[in-house]
Amino acid sequence: MPSPVSIPSVLPIYPIKEQIIFPYMVLPIFYTRGTAPIIEEAMRTDQLVGMVYCPGEKAICSFDDHPRVGTVCKINQLIKFPNGGGKATVEGISRFAMHSLVTQDPCLMTSIRPIPEQEAAGVVSEALVQSVNALLKIALAYGQPLPENLMKMIDRIDHPGRLADMIAVYIGIPIEVQQQLLTLVDPIERLKSVFLHLADEVQKMQVKGEIQTEVSKRLGKSQKEHILREQMKQIQQELGEQDPRQAEISELRTRIRQSNMPDDVLLVAEKELRRLEQINPASPEYTVSRSYLDYLCSAPWKKGTDESLDINQAEEILNEDHYGLKEVKQRILEYLAVRSLRAATKGPILCFVGPPGVGKTSLGRSIARAMGRKFIRFSLGGMKDEAEIRGHRRTYIGALPGRVIQELCRAESNNPVFMLDEVDKIGQDFRGDPSSALLEVLDPEQNDTFKDHYLDVPFDLSKVMFITTANLLDPIPHALKDRMEVIRLSGYSDEDKLQIAYKYLIPKTIEENGLAGYPLTFSEEAVGKITHDYTREAGVRNLERKIAAVCRKVAREITRGDEPRKVIHAADVEELLGPCTYFIDIASEEDRIGVVTGLAWTESGGDILFIEAAKMPGHKNLTLTGSLGDVMQESARAALTYVRSRAEDFGIAADFFEKYDLHIHVPSGAIPKDGPSAGVTIATAIISLLTGRPARRDIAMTGELTLSGRILPIGGVKEKILAARRAGVKIVLLPARNKEHLVELEDVNLDDIRVELVETIDQIIEQILLPV
């Protein structure tokens with residue numbers, strides 16, 4: 001019982017969140033660095049503090065947020081922690097009411113008025129105390145978790161107010177209701193409220209007990225049903241009839257024998273079948289075990305398709321389905337040649353990398369047709385759960401094998417062509433890293449014993465021919481990239497697109513749009529106009545859409561009863577498709593000072609970009625705009641440093657940077673750009689600006705520039721040259737070290753474009769900058 005203390009008129013207010021502190025209650029509280037000033041202020045004022053409930057999510061409430069009634073507490077013990085917080089043992093003294101705000105610095109201080117405990121004696125008080133004691137004993141009998149010495153303490157309390165406060169702490173009343181009890185000054189009313197809450201809890205426990213009794217009865221009923229089923233089984237055996245459950249077990253035993261499982265897997269299946277015989281069909285475990293055996297029996301352990309090893313036929317099919325793509329076709333034919341000489345050959349792991357629309361996914365389907373195998377496609381884009389690859393362990397509810405095993409079971413073959421699409425777009429989060437799970441699947445040295453978490457037995461994936469596709473190589477983890485044979489699919493030239501349109505796209509779209517019975521043809525000029533003026537891509541996806549749009553317009557004319565067109569000419573294209581979408585003939589553009597044409601490689605193939613440089617009075621500031629990445633910004637700074645170091649050689653004033661600020665911009669500003677290959681282009685734009693010499697717009701360049709003036713090689717040579725040709729560029733300047741990459745251009749018609757190799761920036765300036 002707290003000793004009488006003198007309560008001051010002003011107290012610091014400590015916000016409590018989880019438990020209301022009542023008078024005569026001793027409780028430890030843990031405070032943080034944020035509430036430490038309140039405890040320190042209390043230690044300076046007779047160790048007294050006002051404990052008030054703080055509703056909401058804020059750690060510290062304002063004066064208006066607090067309820068007006070709290071508890072005056074004395075700090076009996078204080079332990080400070082190194083992090084600025086600590087532990088304080090407080091003892092409730094008395095209720096109090098907050099009047100007005102005194103200060104908020106260093107903590108909330110309010111003027112208070114103590115609320116003395118009222119006396120309550122009489123028949124009503126005694127009856128309430130007895131009723132509450134009786135309810136508590138009933139609650140204990142039903143299993144209410146209460147401290148062992150609580151009943152002894154309650155038996156010694158005859159004051160209804162103190163009894164109500166003590167019980168409110170132990171019967172699980174919500175903190176908002178506890179605050180309401182703290183606000184009630186009349187002890188009789190307070191005990192009545194506690195009595196009602198306690199009666200409600202006892203009623204809930206009675207219902208819970210009745211439910212448990214009913215469950216026990218039903219369990220007894222289940223045991224009785226099990227005995228009856230066993231008796232029924234004996235009767236059916238005497239009558240010569242078969243139990244449905246035994247028929248299911250017999251079917252599974254037959255499927256296990258016919259599935260050609262390896263010996264170690266057969267032992268696991270037979271053990272699981274014996275376990276299934278002992279499980280009650282009403283048990284959830286029965287379904288789990290039954291599904292597991294189904295997958296074991298469905299897996300194609302030794303079942304595969306008879307593949308075709310006729311190289312000539314395979315080459316004919318590949319050429320029939322796709323135009324060009326020599327490297328990929330050669331690799332497939334080489335694999336078939338090796339398979340015809342040596343049957344025990346592991347399937348290759350290929351990775352097709354190229355811009356969208358060049359035929360990576362459809363090429364996988366064509367390879368499967370050429371080899372006489374089944375085709376499986378599985379998209380990895382956006383996948384974040386490792387269990388999609390390896391499966392879930394059977395302990396989880398609704399567990400399933402990974403998609404690899406599921407697709408093989410669905411295909412009923414252990415040697416399909418398995419395409420993992422968009423491997424560069426795999427994600428990862430707290431559920432695991434799918435790219436790491438793929439390491440075992442795509443490793444020829446490991447995948448012959450691939451272990452799915454659900455099956456939990458080794459499965460041989462070495463006969464599967466895995467093909468992955470990606471638009472970019474950079475996002476693929478190095479360990480995964482190392483396990484794959486990368487084959488790049490560059491963009492198509494205009495000649496390639498013309499051939500693809502005539503051989504594949506036009507016949508296909510005419511058939512799909514119901515024009516098979518009408519003799520519709522496209523002139524070469526019409527296809528060329530669609531390619532140049534309505535599409536800008538490395539692949540042919542948009543080209544197919546535009547041809548389909550033309551066919552739909554013709555179909556509409558036919559349905560209206562108009563005379564249908566038989567030949568689509570270039571003049572008809574603009575009439576049917578509307579104004580040109582792209583204007584890419586830069587040869588007619590005006591040569592300007594400080595504007596240089598560059599070449600870039602993007603996810604969708606090659607593209608041209610313009611580097612613009614401007615100067616204004618200032619002092620040594622360089623501004624870079626156009627959504628440039630870190631690498632490209634560093635290239636711009638390196639280019640500026642190189643120009644400053646050779647200012648006299650270029651005829652530029654040595655102190656130009658002292659008087660001017662430079663601004664380098666790369667349109668379009670909304671498209672992110674990065675990479676080092678724009679170094680020579682930026683340096684040329686700066687030299688053009690500072691010398692006042694216009695730069696030729698029909699010359700494009702690419703290359704990484706070092707501080708010493710060396711021009712380093714770049715990637716994506718074929719894509720960049722094709723982009724330059726589409727844009728009307730006449731001359732492309734490439735680093736001399738990219739000479740060996742010109743082999744990629746053997747199948748490209750370069751009659752209207754010239755490629756020149758350069759080693760220094762001086763060679764570039766000599767060709768591109770016009771005299772003043």
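The values are calculated or read from the model by the stated rules, or taken from the named source; none is laboratory data. Values in this document were obtained by computation on a predicted structure and should not be read as measured data. Neighbour counts are summed over all protein chains in view; Cβ atoms, including those assigned to glycine, are modelled from backbone coordinates with ideal geometry. Just the protein is used for accessible areas: all its heavy atoms, side chains included, with ligands, DNA and RNA removed. Shrake-Rupley method; radii C 1.70, N 1.55, O 1.52, S 1.80 Å.
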For region 1-87, the per residue accessible area (1.4 Å probe, Å²) is 51
Under the 7 Å Cα-to-Cβ spin-label approximation, ALA337 and GLN428 lie apart by a distance in nanometres of 3.9
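Which number comes out as Rg/Rh for the chain once both Rg and the Kirkwood Rh are worked out on C-alpha atoms?
Working: Rg = 41.2 Å, Rh = 35.4 Å.
Reported Rg/Rh (Cα atoms, Kirkwood Rh): 1.16.
Compute the accessible area per residue over region 446-536, keeping the other protein chains in place, probe 1.4 Å, unit Å².
Values: 3820 Å² over 91 residues.
So region 446-536 comes to 42 Å² accessible per residue, rounded to a whole number.
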Distance in nm between ASP474 and ILE235 label points, each 7 Å along Cα→Cβ, equals 7.6
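In region 81-179, what GluC sites (Glu not before Pro) fall in a loop by DSSP, with at most 14 other Cβ atoms inside 10 Å? The partial results should precede the final answer.
Details: sites: GLU91, GLU117, GLU119, GLU126, GLU148, GLU176; in loops: GLU117, GLU119, GLU148.
Qualifying residues, ordered by number: GLU119, GLU148.
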In order over region 127-133: 3J(HN,Hα) from phi, Karplus 6.51/-1.76/1.60, θ = phi - 60°, whole Hz, x for each Gly or Pro, gives 5, 5, 4, 5, 5, 5, 4
Expressed as a percent, the accessible surface of the chain that is carbon or sulfur, using a 1.4 Å probe and the full set of protein chains, is 50
Among LEU722, LEU757, VAL743, the residue whose Cα sits farthest towards the positive end of the charge dipole of region 714-772, when +1 is placed on the Cβ of each Lys and Arg and -1 on the Cβ of each Asp and Glu, is LEU722
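If you take every residue apart from LEU48 with its C-beta less than 11 Å away from the C-beta of LEU48, what net charge results, scoring Lys and Arg +1 and Asp and Glu -1? Please report the intermediate quantities before stating the final value.
Numbers: positive: ARG44, LYS74; negative: GLU41, ASP46, GLU91.
Counting the neighbours of LEU48, the net charge comes to -1.
Give me the number: length gained by fully extending ASP65 to GLU445, i.e. 0.36 nm times residue separation minus the C-alpha to C-alpha distance, one decimal in nm.
Working: separation 380, 0.36 × 380 = 136.80 nm, distance 6.70 nm.
Using 0.36 nm per residue and subtracting the Cα-Cα distance, I get 130.1 nm.
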PRE zone check, label point 7 Å out along Cα-to-Cβ of THR641, amide N under 12 Å, scope region 669-710, hits 706-709
Taking alpha-carbon centroids only, region 611-684 lies from region 493-553 a number of Å equal to 43
Rounded to whole Å², per residue accessible area for region 630-699 with a 1.4 Å probe reads 41
Under 5 Å from the placed amide H of THR602, counting only residues 5+ away or on other chains, we find ASP607
For 303-311, 34-42, ranked highest to lowest by mean beta-carbon neighbours within 10 Å, the order is 34-42, 303-311
Toy charge model, Lys and Arg Cβ at +1, Asp and Glu Cβ at -1: region 721-762 dipole around Cα centroid in debye, rounded to 20, equals 180
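Cβ under 10 Å from ASN260's Cβ, ASN260 left aside: what net charge do those residues give with Lys, Arg +1 and Asp, Glu -1? Before the final figure, lay out each step's value.
Numbers: positive: ARG257, LYS302, LYS303; negative: none.
Result for the local shell: +3.
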Expressed in µm² per second, the diffusion coefficient of region 667-747 from the Stokes-Einstein equation, with Rh the Kirkwood radius over alpha carbon pairs, at 10 °C and 1.306 mPa s, is 114
Asserting the computed 222 nm helical MRE of the chain (DSSP H runs at least 4 long, -39500 (n - 2.57) per run, divided by residue count, to nearest 500) equals -13000 deg cm²/dmol
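Do you know the relative contact order of the chain, to the nearest whole percent, from alpha carbon pairs under 8 angstrom that are 6+ apart? Write down the numbers at each step before the final one.
Numbers: 1331 pairs, mean separation 56.9, N = 772.
The value is 7 percent.
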In the chain the cysteines whose Cβ sits 4.7 Å or more from every other Cys Cβ are CYS73, CYS107, CYS297, CYS351, CYS409, CYS551, CYS580
Compactness summary of region 12-115: radius of gyration and Dmax from Cα atoms, Å, are 12.4, 37
For LYS673, counting only lysines whose alpha-carbon sits under 23 Å away and dropping same-chain residues fewer than eight positions off, the answer is LYS425, LYS615, LYS718, LYS720
Quick calc: nm separation of the 7 Å Cα→Cβ label points for ALA127 and MET151 -> 2.5
One finds, for GLU119 and LYS208 with R0 = 35 angstrom and r their Cβ-Cβ distance, a FRET efficiency to the nearest 0.05 of 0.35
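Once the Cβ-Cβ distance between ASN312 and ARG410 is put in as r, and R0 is 51 Å, what FRET efficiency do you end up with, to the nearest 0.05? Could you put the intermediate results ahead of the total?
Values: r = 32 Å, r/R0 = 0.62.
The calculated FRET efficiency here is 0.95.
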Count of lysine pairs, region 1-155, Cα-Cα under 17 Å, sep. 8 or more residues or interchain, comes to 4
Residue separation between ARG545 and GLU272 times 0.36 nm, minus their alpha-carbon distance, gives in nm 92.8 nm
Here the residues of region 153-167 lying in the modelled label zone of TYR142, meaning backbone nitrogen under 19 Å from a point 7 Å along Cα-to-Cβ, are 167
With +1 at each Lys and Arg Cβ and -1 at each Asp and Glu Cβ, the charge dipole magnitude of the chain around its Cα centre, to the nearest 20 debye, comes out at 1360
Taking a label point 7 Å from the Cα of GLU495 along Cα-to-Cβ, the residues of region 307-337 whose backbone nitrogen sits under 13 Å from it are 324
